[in-house]
1. Search the range 70-99 for residues that are touching a residue at least 12 places away in the same chain (Cβ under 8 Å) and pair each with any residue that is assigned to a loop (DSSP other than H, G, I, E, B) and among the hydrophobic types (A, V, I, L, M, F, W, C) when their beta-carbon atoms are under 6 Å apart and the residues are at least 6 apart or on different chains.
2. Of all residues in the range 35-49 being over 13 Å from residue 95 (Cβ atoms) and either of a type in the set (S, T, N, Q) or not assigned by TED's automatic domain parsing to the domain that holds residue 113 (or both), which is surrounded by the most Cβ atoms within 10 Å (Cβ to Cβ)?
3. For residue 122, are the conditions met, namely being of a type outside the set (D, E, K, R) and either crowded, with 20+ Cβ neighbours inside 10 Å or closer than 24 Å to residue 18 by Cα (or both)?
4. Go through (1) surrounded by 15 or more Cβ atoms within 10 Å (Cβ to Cβ); (2) under 18 Å from residue 194 (Cβ atoms) and name the single condition residue 585 misses.
5. Residue 388 is checked against (1) buried (at least 21 other Cβ atoms within 10 Å of the Cβ); (2) in contact (Cβ under 8 Å) with a residue 60 or more places away in the chain; (3) within 30 Å of the chain's Cα centre (by Cα) and fails just one. What number does that condition carry?
6. Of the residues 587, 646, only one is at pLDDT 95 or above, touching a Ser or Thr at 6+ places or on another chain (Cβ under 8 Å) and not in a loop (DSSP other than H, G, I, E, B); which?
7. Does any residue of the range 432-446 turn out to be among the charged types (D, E, K, R), closer than 29 Å to residue 512 by Cβ and surrounded by fewer than 21 Cβ atoms within 10 Å (Cβ to Cβ)?
8. Mind checking whether some residue in the range 523-539 is at pLDDT below 85 and on the phi < 0 side of the Ramachandran plot?
Amino acid sequence: MGKSLYIAEKPSVAQQFADALKISARRSDGYIESDTAVVTWCVGHLVTMSYPEAYDPALRRWSLQTLPFLPKEFKYQVIDGVSKQFAIVSRLLNRPDVDTIYICTDSGREGEYIYRLVDQMAGVKGKTRKRVWIDSQTEEEILRGIRDAKDWSEYDNLAASAYLRAKEDYLMGINFSRLLTLKYGPTISAFLKADRTVLSVGRVMTCVLGMVVRREREIRNFVKTPFYRVIGTFLSQDMKFDAEWRSVDGSRYFQSPKLYKENGFKKREDAEALITQLKETDPPVGVLSKVERKKETKNPPLLYNLAELQNDCSKMFKISPDETLKVVQELYEKKLVTYPRTDARVLSTAVAKEITKNIGGLKNFEPMKGFAQEILDQGSYQGIMKTRYVNDKQITDHYAIVPTGQGFGAMRSLSPLCMKIYEVIARRFLSIFYPPAVYQKVSLVTKIQNESFFSSFKVLLSEGYLKISTNSFAKKTAADVGKASEGEGEEVSCDEALLAALQKLKKGDILNINGLGIKEGETSPPKRYNSGSMILAMENAGQLIEDEDLRSQIKGSGIGTSATRAEILKKLFNIKYLSLNKKTQVITPTLQGEMIYDVVNCSIRQLLNPELTASWEKGLTYVRLGGSIGTLVNGAGLAMATMDAIKQAGAEPANFLDAGGGASEETVAAGFSIMLSDPHVRGILINIFGGILRCDIVAHGIVNAARKLDIAVPLVVRLEGTNVAEGRRILRESGLRFHTASSMSEAARLIVGLAAESPQEAGV
């Protein structure tokens, strides 16, 4: 019987696998071996894509004549600094006595890519390969992952996605960086008095740069506007409270141009005029026109994913996302928490069924000991399956970051920062087993003449989960956590005595006016991104897309991934496009960064917008061109031919939009939304040659999208290839108005003619 080879992503993880497998043999140079098994490791990436000069030495010199660089087959090479470990791994993979390879790199797209490149470069043949997919480094989970390991072919789609994304980013970075450097580099160098300036651009990092620069310029261009609020102070017996005037229906200032907003004036004299009018009331009293009493509950927040944890750590500890990732990765490798590079904020059903293990283990962690015991004693974990904290549909690769309930022997080696972050994760986890916090609220509307004054008060009745929310190192108490601060439009936290007095009030009660005054304020500029809020903005980049329908189509698509966002930010800091204040974690653009932004904005503007990056997450490649005929095509070659046909027919294409070979109904719908986000589109041409992408799938996508989006411009569809008859039948029987064509030139002539006749612009 041959040996099994286990290959991990780094030495520390390999050691965890060796320990779980009870391999006690001495570590050799680059691997651990026993009579039955070998454990080895990568050191991150061992293989990378080759630079253009590997294809042709002449390409070392940057020239416009050699662009675009589009190799037919991509080359790869071993990274210089890790060539020794690659040689060791390659030899082990190809050893005759090794018959089964267990792939134990990180359970995600990047981990899959790391191994596949090594396998490809080593030329492995004739071996059984199994993929180990785990959520934590505990011995139990490692052994389960090995036991349940699937044939690596089950992860071919994940690998294909990783290869494709790497190729796309490589081609974009190589070509656009060289192009912009050659065109604009000398000018920027002259201005900055630098020897040479390389303009580095990329699908993700340039979009992030755009977000930061736009925010900074919004702040610079912001003009503070003063406003004036009228505040009334009212008395009832021994009780006194403030209320804010608002212009509502019935007010003499309702929808007046003198207002800044409904609760403030643009000019002080107008606020003073209102006070003068109100003081003419005889007698000077207010009348309660509305009293509302209700209880409000506040549920525990969802669990941590990496982005949320990075954001909170940035606020609490003033550390960068990269530092947070390093800490949580250490906690993961020491078996204390589950897999960190996750976008999910919920648990899986399978984990929820055995959640007592995670809870019970926290009895060994002193700050959480009492809470964990209380949860187990009361059995509050039993209903967790029916809550919003468990949802398999919201999990892609891994569930949320939670404590494993193990690994406490390693705590002696943890830094104080690691201990604090572990406590933050543990408290968030245990809080979901506690009831909501409950508030008693009283809202009042007091009228003087026909003018309304609003006030709202609340008091915390039951702490619920808040009792566990305060970290041991925090300065505020649990009650403080649940309090709202007093401010414009916010509720005022009050003591129980005042609340009890307020609750006695009823509609029609007369209140004495103790005073009327003016509270001056001014508008505030947008806040700069800090390292944490930047990560969240990247995760939720789809929300930045202006077009509502396009935003809804790609709402789940962010910029980058949980595994790469911190590295992207770090790169922008390293190349000095962005600057990070380490004390505050505030991010600002550098002069060079702003110049790069301006260059890209004037040349390849799409790189700055989230819709390009987000569309790629849907399997689409989109470039806006400025013409009037929108196109959706599968394959870059067919896309270019389609655009040529449109030009020959007398119009200009509005976009380059490639749906790729494996598009789905969802992809087609997203493609429609992207095209229709362009107001210049006056007609749409769908040109699909069905190979991998079946014509019936496309037809279903077209019909469903047309019904949902109410497409108001002419639409021509040309289908050929796999299942074309079924695709045409679906279009014909849909009851919708589609124009069809049998050839590309016919389709182009038809859509150009129809668009010329249509007075409408695109709308959804």
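1. Sorted first by the residue in the range 70-99, then by its partner, the pairs are 82/43; 82/46; 85/43; 86/46; 93/124.
2. Of the residues in the range 35-49, the ones over 13 Å from residue 95 (Cβ atoms) are 35-36, 39, 41-49.
Pick out the ones that are also either of a type in the set (S, T, N, Q) or not assigned by TED's automatic domain parsing to the domain that holds residue 113 (or both) and you get 36, 48.
Details: 36: 11, 48: 16.
Here the answer is 48.
3. Details: of a type outside the set (D, E, K, R): yes; either crowded, with 20+ Cβ neighbours inside 10 Å or closer than 24 Å to residue 18 by Cα (or both): yes.
So residue 122 fits the description; yes.
4. Here residue 585 meets the rest and fails (2).
5. (1)
6. None of the others qualify; the one that does is 587.
7. First pass over the range 432-446, keeping only residues among the charged types (D, E, K, R): 441.
The next check asks that each one be closer than 29 Å to residue 512 by Cβ; those that pass are 441.
Within this subset, residues satisfying the condition of being surrounded by fewer than 21 Cβ atoms within 10 Å (Cβ to Cβ) are 441.
There is at least one residue in the range 432-446 that is among the charged types (D, E, K, R), closer than 29 Å to residue 512 by Cβ and surrounded by fewer than 21 Cβ atoms within 10 Å (Cβ to Cβ).
8. Checking the range 523-539: at least one residue is at pLDDT below 85 and on the phi < 0 side of the Ramachandran plot.
The values are calculated or read from the model by the stated rules, or taken from the named source; none is laboratory data. A quick note: this is a predicted structure, and the numbers were derived from the prediction, not measured. Neighbour counts are summed over all protein chains in view; Cβ atoms, including those assigned to glycine, are modelled from backbone coordinates with ideal geometry.
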